[in-house]
Every structure is written in C-alpha cells, then in structure tokens.
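Here the structure is laid out as structure tokens; the discussion comes afterwards.
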Amino acid sequence: WADLFLTTPNAGLNDLYGGLKGPIGTWTWELVYHDFQAEAGSAKWGRELDAGIATKFAQHYSVYFKMGTFDSASGSPYPDTTKFWVQLTADF
C-alpha cells in the first residue's frame with residue numbers, strides 16, 4: 001500500500017509476506033508484513049507493514065482506512081515512505 005513497486009526493478013522482485021485479519025464488532029481489520037528483495041542477486045529493497053480497517057454502513061456503502069509504511073534497506077534505491085488511504089465504496 002506504500003506503492004513503491006508500481007514497476008518491477010531490473011533485478012526482479014521477491015515479496016515474502018504474511019498477514020492476519022479478523023473482526024472487531026462491525027469492523028474488519030488486517031495487518032500484512034512484506035520483506036522485499038531482489039530476485040537476481042542479493043539486494044534487499046526493504047520491509048513494509050500495511051494495516052487496514054473497514055466497515056459497511058447504510059446497506060450499500062463501505063469505508064476502508066488503510067496505511068502502508070515502507071522501511072528502506074541499507075543501500076536500497078527506494079525511500080522510506082508512509083501513505084494513508086481512505087476508500088469509499090458504493091455497492092448496488
């Protein structure tokens with residue numbers, strides 16, 4: 001969700017990730033951890049933690065708050081980045 005890998009690096013991209021999710025009342029939460037490394041060679045790009053919480057309301061609508069924070073590895077060309085998102089959805 002920090003959107004650093006919108007294109008694949010020349011050395012490729014391995015994304016080792018895992019996550020958890022569950023309910024809290026009418027809300028649904030999730031946490032996802034990523035470890036990004038080059039597919040070719042031994043370069044490490046960095047680590048990312050994503051968190052989100054969502055709920056439905058008024059029968060056809062939902063709201064989703066999410067955050068992604070990327071911690072760049074030493075020597076990585078990618079900057080430390082944190083992004084916050086709000087997503088509104090209408091479903092008919």
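The values are calculated or read from the model by the stated rules, or taken from the named source; none is laboratory data. Please read all numbers here as calculations on a predicted model, not as lab measurements. We work out accessible area using only protein heavy atoms, side chains counted, and drop any ligands, DNA or RNA first. Shrake-Rupley method; radii C 1.70, N 1.55, O 1.52, S 1.80 Å.
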### Query
Per residue, how many Å² of accessible area does the chain show with a 1.4 Å probe?
69 Å²
### Task
Give me the percent of the accessible area of the chain that comes from carbon and sulfur atoms, probe 1.4 Å, all protein chains in place.
58 percent
### Task
Report, please, the projected area of the chain averaged over directions, based on the convex hull of its C-alpha atoms, in nm².
6.9 nm²
#### Entry: Under Karplus coefficients 6.51, -1.76 and 1.60, residue-wise ³J(HN,Hα) of region 74-85 in Hz, glycine/proline x
4, x, 6, x, 9, x, 4, 9, 10, 10, 10, 10
### Message
Below 8 Å, C-alpha to C-alpha, sequence gap of six or more: please give me the relative contact order for the chain in percent.
### Response
24 percent
